[in-house]
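Here the structure comes first, spelled out in structure tokens, and everything after it is commentary.
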Ligand code: HEM
């Protein structure tokens, strides 16, 4: 069960990245072509946001009860979180960066409901989604990262 959840958390990263890139493309073309806001775009952004929220919840469970969870693991004697690259990343940096990204995706989706001109909806959503994407790319424990690197796909 626990392994399944971390595998799902790992896999959802790809789904978020794909959905986010498409959401960015939709926002950009809507903004640049000055098109009327399409309900289909709102649905797509909602889907992107929901995937991000599920990943967030799974991450939060990992943070508390996972292999290296705050509740389930005991730090080696004399270990300071801030001086230990591994725990600093998974307990502080990764959650912090990802929480900001998920908040940005949520605000980006919220633009679809704002009473503002359609061009503004698309432009602002584009900016929020783009910044969220950059944060996610920075926050992912890519395999090439020292100490914290994780596989590109679950179980690899
Ligand atoms: C868009 C949001 C997120 C993405 C794309 C993401 C991505 C990832 C990836 C790819 C891993 C490596 C998984 C593996 O070892 O196979 C991971 C691990 C982890 N993530 Fe996230 N994450 C996100 C949000 C969060 C959040 C919000 C939290 C905490 C509140 C979190 C906590 C963790 C923890 C604690 C681990 C290590 C789990 C373990 O190895 O046992 N993540 N994350």
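The values are calculated or read from the model by the stated rules, or taken from the named source; none is laboratory data. Owing to the predicted nature of the structure, the values given are computational and were not obtained by experimental measurement. When we count neighbours, we look across all protein chains shown, and the Cβ atoms used for this are built from the backbone with ideal geometry, even at glycine.
Of all the listed residues (133, 58), the sole one being surrounded by 13 or more Cβ atoms within 10 Å (Cβ to Cβ) and either closer than 19 Å to residue 2 by Cα or modelled with pLDDT under 95 (or both) is 58.
Does segment 88-99 include one or more residues that are under 30 Å from residue 39 (Cβ atoms), within 8 Å of the ligand (Cβ to nearest atom), in contact (Cβ under 8 Å) with a residue 12 or more places away in the chain and assigned to a helix (DSSP H, G or I)? So far as segment 88-99 goes, yes, one or more of its residues are under 30 Å from residue 39 (Cβ atoms), within 8 Å of the ligand (Cβ to nearest atom), in contact (Cβ under 8 Å) with a residue 12 or more places away in the chain and assigned to a helix (DSSP H, G or I). Filtering segment 47-72 to residues that are part of a loop (DSSP other than H, G, I, E, B) and either closer than 26 Å to residue 21 by Cα or within 9 Å of the ligand (Cβ to nearest atom) (or both) leaves 66, 67, 68, 69, 70.
Residues of segment 103-127 that are farther than 19 Å from residue 43 by Cβ and either under 18 Å from the mean Cα position of the chain (by Cα) or assigned to a helix (DSSP H, G or I) (or both): 103, 104, 119, 120, 123, 127. One residue stands out in segment 136-156 among those that are surrounded by fewer than 15 Cβ atoms within 10 Å (Cβ to Cβ) and in a helix (DSSP H, G or I): the one that is farthest from the ligand (Cβ to nearest atom), namely 138. Restricting the first member to segment 39-63 and to residues that are touching a residue at least 40 places away in the same chain (Cβ under 8 Å) and farther than 16 Å from residue 14 by Cα, and the second to residues that are near the ligand (Cβ under 8 Å from one of its atoms) and part of a helix (DSSP H, G or I), the beta-carbon pairs closer than 7 Å and six or more apart or on different chains are 62/6; 62/9.
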